[in-house]
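Participant: Structure below; questions to follow.
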Amino acid sequence: MSGHSKWHNIQRRKGRQDAIRGQLFTKLSKDIYHAAKEGGGNPDTNFRLKVAIERAKRENLPADSIARTIAKATGSLQGAHYEEVLYEGYGPGGVAILLDIVTDNRNRTAADIRHIFKKRGGNLGESGSVAWMFRRIGRITLKKDTLSLNVDELMLQALDAGADDLREDEDEWEIVTSPENFTSVRDHLEKQGLPLEDAEYTYEAVTPMGVDPSLTEEVLDLLESLEAHDDVQSVYTNAEL
């Protein structure tokens, strides 16, 4: 399992959710903003936006907030300008951490993230310091209870479409692709009528790193604190927890 998947699973098993609903809404809105900025404001032709809107609706983000965010992203309404950047750093024991950031103020966000790292036994690194330890992939997820295909049939569909791997993760299947094949695989699966739960570009650790048990709580505390920041959309680590 990749560092991303490990952290994703730990979050799910712990049942962890944002303590403040406003903070969750901020993250959901930024996800919608960046999806619309990147691929346009029509969810029928922009799958990332479609997924972002569905996720926001499940969390009861108001429809007018969704509409305003899309309008800002597409330029039909004035508002804050967000940009997506990667931050890199090290945690306790030297574990590598990669952060997907969406911010309207790089200086403020950098200061905040540096403070979180320093306070919890880590340090914010320079660009390129840990990114080489991760690879960019496409990840498509499908809920097991929504599929009529068995695992062999799903594997055949995925590989025929150009996917690299099929992974089992508790109640869902994860289809892994190269960044180049991501769109074609996603579109092929959709045309086959498969109910995609999510589809995104993400990162996974090339070589997971074991963590001394005595440092596990410190590493988790840092990861959770980073994820709680409004501007952090995703947290990736090579830590084997």
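The values are calculated or read from the model by the stated rules, or taken from the named source; none is laboratory data. Since we're looking at a predicted model, the values are computed, not measured. Note: ideal-geometry Cβ built from the backbone for every residue, glycine included; neighbour counts use all protein chains shown. Note: areas computed on protein heavy atoms with side chains; ligands, DNA, RNA excluded. Shrake-Rupley method; radii C 1.70, N 1.55, O 1.52, S 1.80 Å.
Participant: Assign one of three labels to the chain, namely rounded, prolate or oblate, based on the Cα gyration tensor with a ≥ b ≥ c the square roots of its eigenvalues; rounded applies when a/c is under 1.5, prolate when it is not and a/b is larger than b/c, and oblate otherwise.
Facilitator: It comes out oblate by the Cα gyration axes.
Participant: Need one word for segment 37-87: rounded, prolate or oblate. Basis is the Cα gyration tensor (sqrt eigenvalues a ≥ b ≥ c); a/c below 1.5 gives rounded, then a/b vs b/c decides.
Facilitator: It comes out rounded by the Cα gyration axes.
Participant: Rank-order 211-218, 117-124 by packing density, defined as the average count of other C-beta atoms within 10 Å over each peptide's residues, highest first.
Facilitator: Ranking, from highest mean packing down: 117-124, 211-218.
Participant: With r as the distance between the Cβ atoms of Lys191 and Glu170 and R0 = 30 Å, compute the FRET efficiency 1/(1 + (r/R0)^6) and round to 0.05.
Facilitator: Computed FRET efficiency for Glu170 and Lys191: 0.65.
Participant: List the pairs from Lys37/Lys144; Lys30/Lys57; Lys37/Lys118 whose alpha-carbon separation is above 23 Å, in the order I gave them.
Facilitator: Lys37/Lys144; Lys37/Lys118, as the Cα separations exceed 23 Å there.
Participant: Express the carbon and sulfur contribution to the solvent-accessible surface of segment 144-197 as a percent, rounded to the nearest whole number, probe 1.4 angstrom.
Facilitator: Whole-percent figure for carbon plus sulfur exposure: 44.
Participant: Shifting gears a bit: Checking the a/c ratio against 1.5 first, then a/b against b/c, what shape does the Cα gyration tensor give for segment 135-241?
Facilitator: Note, shape of segment 135-241 comes out prolate.
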